[in-house]
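Report on one structure; see the data block that follows.
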There are 2 protein chains.
Amino acid sequence: VYGEFDFIDKVLKPLATDTAALGLVDDAAVLTPPPGRDLVLTKDAMVASVHFLADDPPDLIARKLLRVNLSDLAAMGAEPIGYLLALARTRDLDDAWLHRFADGLAQDQAELGIGILGGDTVGTPGPLTLSITAIGSVPRGQALLRSGARPGDVVVVSGTLGDAALGLKSIRGEIAASAFLADRYRLPRPRLALGVALRGLATALIDVSDGLVADLRHVLEASGVEAEVEAARLPLSEAARDLEGALAAALSGGDDYELLFTIPAARADELAALSSRLDLPLTCIGTLREGTGLTVLDREGHPLAVDGGGWTHF
Amino acid sequence: VYGEFDFIDKVLKPLATDTAALGLVDDAAVLTPPPGRDLVLTKDAMVASVHFLADDPPDLIARKLLRVNLSDLAAMGAEPIGYLLALARTRDLDDAWLHRFADGLAQDQAELGIGILGGDTVGTPGPLTLSITAIGSVPRGQALLRSGARPGDVVVVSGTLGDAALGLKSIRGEIAASAFLADRYRLPRPRLALGVALRGLATALIDVSDGLVADLRHVLEASGVEAEVEAARLPLSEAARDLEGALAAALSGGDDYELLFTIPAARADELAALSSRLDLPLTCIGTLREGTGLTVLDREGHPLAVDGGGWTHF
């Protein structure tokens, strides 16, 4: 099995396509910031059997790790530059596993035009533990925050909701197997192009990682506004639509990594063209008003309440 | 015990003194790069009972983690800006432990004028696993690399060598207890001021984390030069000097986090004033010539060889 230096030489160095990485031979990366732009920095960690399944394909583990970080960049309206990786690896991971892990990174690097900038690899007696720090940039002063939502804005979400949570159930055999849903759990699609397009349009932006209700509440708290969301308008995929628990998954399931944002109601008519250009559903699910808190209405206009087991009528 | 959001609110937010952190309420940090400078990025991970002792004081664990990263910045000649933290925590860590961990970070933040910019906290069934990504800056194009050493340069090291490795032995009871040596293991001193002072003077720079021989070899390989080092000139602390194994620790013990650098021989006379200004020993330990490899000479001018058990005469 590769030691630290062989691992860097044989597995990671081929990923160091950016000159800022200095070929991974130095103590740190040296990045010349793109002129006129702010840098956006985020860091997410994942632990085997907590955030992914230990027997998941290694390339998909790598890509999920990278993509959850890129989703945070998308949630600021940023374009990705590169990333640093820390890998605490267990003794049972052989060189083939490590190469397949790197293959996953290489695939996403090529797709997204980014490169590894540095990192660290250590041994651990515990579960495989990974973290990535992703770096991106936005035009100076144009990062999209959670705090800009205003009364009168509409609440919009991209893609479909609940698929990842249902996908995990599908992988665990708790519901019928669905390749579509399992893939949505294993391979997030960071909505980078949408994030960029929302600069100058969205008033607040976040990615749906904890679940729609939790993440929308983050926006409401940061912005000091109240929201009313209609459950019937939540976008559900064809695979999810008829499953028991689809609504609960859409409301509270995490890991969808769609973008949730607010825009002035007067500009809602721009969404159709944007959706068409990006080939990505953009669905208005509610509106904002002065106040605090979140109300979710059912088809009859009655508020739903959350309890320990999911969403129920009052 | 704090959940993720309480941990961020109560433990980490007070550390978010830099406006770039956005109070840790958003998806990522937004950093306006200092004009005319390059950014320097590094990431190091540590695992309990691999890189530190699980019952080490939590504030010292935090400071060691931060400082090994800052040492990488020092090794590029960079000044620190801030850092992101990922913490995979075990169930046995109570809130008091977390606050003491944060106290350690707060202490170093105040000392160094930096702040936390973001990060992630997750649970783990395995050992406590930590990583930090540190961000610093250098004037554009002035980062000091490992690759600039030239024949005729002299090899210089800061501080004293071997103390950390002997300190670990002292903590483990393998040698007599020494508070000085134990402290040198637990609390690295990143040589940031020296790194800055070496811009425009050093031809190559690295920090001593793997051990003098290993790290000097990194410089020799990156620069394509050969070095001859005199063992008698290695700087040993008073606490280490008379201990058995002091020379081996100085040559091969890691974790000293001193700076190892090369400068043109013609400028070696500048070292005394620099040492005096920084109140830090700077010791010439050898010279570079054309060729490859490293020779370590004993007092009689005979080369030493390394075997499995340490350094021996040929």
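None of the figures in this text is laboratory data; all of them are computed from the coordinates on show. In this text the structure is predicted, and so the values were computed from the model without any measurement. So basically every Cβ, Gly included, is an ideal-geometry build from the backbone, and we count neighbours across all protein chains shown.
If each DSSP helix of 4+ residues adds -39,500 (n - 2.57) and the sum is divided by the residues in chain B, what number results at 222 nm, nearest 500 deg cm²/dmol?
About -8500 deg cm²/dmol.
Fewest first, what order do A:HIS51, A:HIS99 take by the number of other Cβ atoms within 10 Å?
Ascending Cβ contact count within 10 Å gives the list A:HIS99, A:HIS51.
For segment A:93-239, count the residues as N, evaluate 2.2 N^0.38 Å, and divide the Cα radius of gyration by that value, please.
Normalised Rg, Cα atoms only: 1.28.
Considering the Cα positions of segment A:37-102, please state its Rg to one decimal place and its Dmax as a whole number of Å.
In Å, with Rg to one decimal and Dmax whole: 13.4, 43.
Among B:287-295, A:79-87, B:64-72, A:152-160, what's the highest-first ranking by average C-beta atoms within 10 angstrom per residue?
Most protected by this proxy first, the peptides run B:64-72, A:79-87, A:152-160, B:287-295.
What list of whole percents do you get for P(r) of segment B:177-314, with Cα-Cα distances grouped in 5 Å bins up to the one holding the largest distance?
Each 5 Å bin holds this share of Cα pairs: 2, 9, 18, 23, 22, 16, 8, 2, 0.
Among the listed pairs A:LYS43/B:LYS10; A:LYS43/B:LYS43; A:LYS169/B:LYS10; A:LYS43/B:LYS64, which have their C-alpha atoms separated by more than 22 angstrom in this model?
Table pairs above 22 Å Cα-Cα are A:LYS169/B:LYS10.
If you count, for each residue, the other Cβ atoms within 10 Å and average over each peptide, how do B:273-280, B:102-109 line up from highest to lowest?
B:102-109, B:273-280
If you average the sequence gap of Cα pairs under 8 Å that are 6 or more apart and divide by the length of chain B, what percent do you get for the contact order?
It rounds to 21 percent for chain B.
So how do B:168-177, A:205-214, A:179-188 stack up, highest first, on mean other-Cβ count within 10 Å?
Averaged packing, sorted descending, gives the order A:205-214, A:179-188, B:168-177.
Relative contact order, percent, of segment B:1-112 when contacts are C-alpha pairs under 8 Å separated by at least 6 residues?
Across segment B:1-112, relative contact order equals 32 percent.
Quick one: which residues, 5+ away or cross-chain, put their amide H under 5 Å from the amide H of B:ARG89? H built at 1.01 Å from N.
Those lying under 5 Å, H to H, from B:ARG89 are B:VAL122, B:GLY123, B:THR124.
Shielding of A:139-146 by partners, i.e. mean partner chain Cβ atoms within 10 Å per residue?
Rounded to a whole number, the mean comes out at 3.
Which of the listed residues, A:PRO125, A:ILE171, A:PRO151, is farthest toward the dipole's positive end in segment A:120-210, when Lys, Arg count +1 and Asp, Glu count -1 at the beta-carbon?
A:PRO151
Residue by residue through segment B:89-97, which ³J(HN,Hα) values in whole Hz follow from phi under the Karplus form 6.51 cos²θ - 1.76 cosθ + 1.60 (θ = phi - 60°), with glycine and proline marked x?
For segment B:89-97, the Karplus-derived couplings read 9, 8, 5, 7, 7, 8, 4, 4, 4 Hz, x marking Gly and Pro.
Once you order the gyration tensor axes a ≥ b ≥ c over the Cα atoms, which shape class does segment A:170-242 get: rounded for a/c under 1.5, otherwise prolate or oblate by comparing a/b with b/c?
Note, shape of segment A:170-242 comes out prolate.
Could you tell me the extents of the protein assembly as shown's C-alpha atoms along the three principal axes, largest first, rounded to whole Å?
If we take the Cα atoms of the protein assembly as shown, the spans are 93, 46, 42 Å.
Is the shape of chain A best called rounded, prolate or oblate, per the rule: a/c under 1.5 gives rounded, else a/b larger than b/c gives prolate, else oblate, with a ≥ b ≥ c the square roots of the Cα gyration tensor eigenvalues?
oblate
Looking only at other chains, what is the average number of their beta-carbon atoms within 10 angstrom of each beta-carbon in B:83-90?
Taking all residues of B:83-90 together, the mean is 5.
Can you give the average number of partner chain beta-carbon atoms within 10 Å of each beta-carbon in peptide B:130-138, as a whole number?
6
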